[in-house]
Amino acid sequence: MKYLIVIEKTDTGYSAYSPDVPGCVATDATREAVEATMREAIAFHLDGLRAEGMTTPVPQSSSAYVDVPA
């Protein structure tokens with residue numbers, strides 16, 4: 001499954017979260033590293049939900065850029 005992740009620049013690197021997987025976050029030094037860390041975090045989170053007999057969230061979020069007059 002594909003989950004949308006939001007990546008934000010921080011003072012010390014990057015952070016990421018997924019709107020479809022509440023509570024699952026990651027941080028790392030580079031954008032590429034935070035993507036990999038978040039991929040692992042989501043997989044771990046979903047494994048935990050399954051182990052507890054809970055349903056896994058269905059990806060529903062999407063993103064878009066809009067042009068706004070500057």
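Each reported figure results from applying straightforward, stated rules to the coordinates on display, with no laboratory input. Nothing here was measured: the structure is a model prediction, and the numbers come from that model. We place every Cβ from the backbone using ideal geometry, glycine too, and count neighbours over all the protein chains shown.
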Lys/Arg +1, Asp/Glu -1 at C-beta; the chain dipole; positive extreme among Tyr65, Ile7, Met54:
Met54
For the chain, how big is Rg over Rh, using alpha carbon atoms and the Kirkwood form of Rh?
1.05
Taking the Cα centre of the stretch 6-51 as origin, sum charge times position over the Cβ atoms of Lys and Arg (+1) and Asp and Glu (-1), and report the length of that vector in debye to the nearest 20.
80 debye
Of the chymotrypsin sites (Phe, Trp or Tyr not before Pro) in the chain, those whose Cβ has at most 15 other Cβ within 10 Å and which sit in DSSP loop:
Tyr65
How about the chain: which GluC sites (Glu not before Pro) there are in a DSSP loop, with at most 11 other Cβ atoms within 10 Å of their Cβ?
Glu52
How large is the helix-only mean residue ellipticity at 222 nm for the chain, computed as the sum of -39500 (n - 2.57) over DSSP H runs with n ≥ 4, divided by its residue count, in deg cm²/dmol to the nearest 500?
-10500 deg cm²/dmol
Expected unfolding gain across Val68-Thr30 under the 0.36 nm per residue rule, minus the alpha-carbon gap, is 10.8 nm
Mind pulling the angle between the C-alpha long axis of helix 31-51 and the longest principal axis of the chain? Nearest 10 degrees, somewhere in 0 to 90.
30 degrees
